[in-house]
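These notes are about the structure you will find just below.
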Ligand code: MLT
């Protein structure tokens, strides 16, 4: 008899963003003229930078001639992109990362979700609360948790991120093995200081733990004092894996390209407590289960690092940050406490009421989609997340409608 993986039965309903999409589709069907404005899922709306489009076209043209055609590429990514990442995203920022430590992939969601496979099923997992649901759900699927009870999965250590700690959680009070961190944070928009990040690196070193550091929103950092990479912290190479993506950086949500850095020194331990390098294990996994990102898309990602590409990425992210500033200003003016929206495209708003109720209120009265904070964890109850990813005009219109609905 073919048995299913019982762990899947522990999962709560559907994936958060699928759940929201279904509700919104139902609303749109019932109200076809409502003109719904989506500030929910962090999906970009502006076109790819021109430099990326030019490189993409050129890559496609190369595929059109036998002499320049490419079949399977290296699973880890083409050297031209791995080299560009190492030099531009790390070495030029004073962080030591080599090209062969960069693994190109089709998304950070997949990488964050897949990375847990490398670690023991009884590894103790710590996740922030609120949290990007992928970190939690993939560990549930892998069998690292007990059942769902009172808004949380048994067996996970939840690191509470609240207004009291400025959404930067304290170190765990019990031993943990694998720690997920995300800065600038999804969903709260919070950032971390170098000193705070150093505490986490020191913790991992002292406790033989490992940090999975999600830096998908790094392109929104404007404050020079905020660390962009965990590898800016001494000692991090041994204890941290970093995820980055072109999705929010250069509008690649539909184009798909990201990367994960696994330093050669990064270590975990076998059952006897012997040190094992993580790099060859991730390489093994990646080469076995993944066949690389398409050549034209990798060329498009490479173009992000040209002078023109850098300027275009800055312009693109500035545009969304400008939306974020407007959201902050207008929602604050309505009397709501909020966080994020500076160095981040997400604004985390305290609603004072149940998150889903507030979500429904904004959907039904303003035809604006947000994300209910409780979907990100128990500490998100009483919050909603507003995303700055839309046109300025739509954001303005959404804020007018929200003001009217809440006023
Ligand atoms: C979000 O809205 O949290 C993100 O868009 C989800 C993702 O990047 O997968």
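The values are calculated or read from the model by the stated rules, or taken from the named source; none is laboratory data. The structure displayed is predicted, hence computed values, not measured ones. Neighbour counts are summed over all protein chains in view; Cβ atoms, including those assigned to glycine, are modelled from backbone coordinates with ideal geometry.
Give me a count of the residues in segment 22-42 that are within 19 Å of residue 388 (Cβ to Cβ) and either within 16 Å of the ligand (Cβ to nearest atom) or not assigned by TED's automatic domain parsing to the domain that holds residue 396 (or both). The qualifying residues number 7. Restricting segment 212-225 to residues that are in contact with a helix residue (DSSP H, G or I) (Cβ under 8 Å, 6 or more places away or on another chain) and not in a helix (DSSP H, G or I), the residue that is farthest from the ligand (Cβ to nearest atom) is 225. Does residue 155 satisfy the criteria of being free of Cβ contacts under 8 Å to residues at least 60 places away in the same chain and either assigned by TED's automatic domain parsing to the domain that holds residue 128 or on the phi > 0 side of the Ramachandran plot (or both)? Judged against the criteria, residue 155 is a match.
What do you reckon, is residue 184 surrounded by fewer than 24 Cβ atoms within 10 Å (Cβ to Cβ), under 22 Å from residue 138 (Cβ atoms) and not assigned by TED's automatic domain parsing to the domain that holds residue 389? Criteria not met by residue 184.
Only residues that are touching a helix residue (DSSP H, G or I) at 6+ places or on another chain (Cβ under 6 Å) and at positive phi were counted across segment 239-262, and they come to 0. Filter segment 84-110 for residues that are closer than 15 Å to residue 213 by Cα, surrounded by fewer than 23 Cβ atoms within 10 Å (Cβ to Cβ) and either within 16 Å of the ligand (Cβ to nearest atom) or not assigned by TED's automatic domain parsing to the domain that holds residue 266 (or both) and give the result. Selection gives 107, 109, 110.
Of all residues in segment 149-161, those being surrounded by 15 or more Cβ atoms within 10 Å (Cβ to Cβ) and away from the ligand (no atom under 16 Å from the Cβ) number 8. Could you tell me whether residue 382 is at positive phi, without any contact (Cβ under 8 Å) to a residue 24 or more places away in the chain and more than 17 Å from the chain's Cα centre (by Cα)? Considered against the rule, which asks whether it is at positive phi, without any contact (Cβ under 8 Å) to a residue 24 or more places away in the chain and more than 17 Å from the chain's Cα centre (by Cα), residue 382 comes out as no.
Of everything in segment 234-256 that is more than 21 Å from residue 42 (Cβ to Cβ) and crowded, with 21+ Cβ neighbours inside 10 Å, the residue that is nearest to the ligand (Cβ to nearest atom) is 241.
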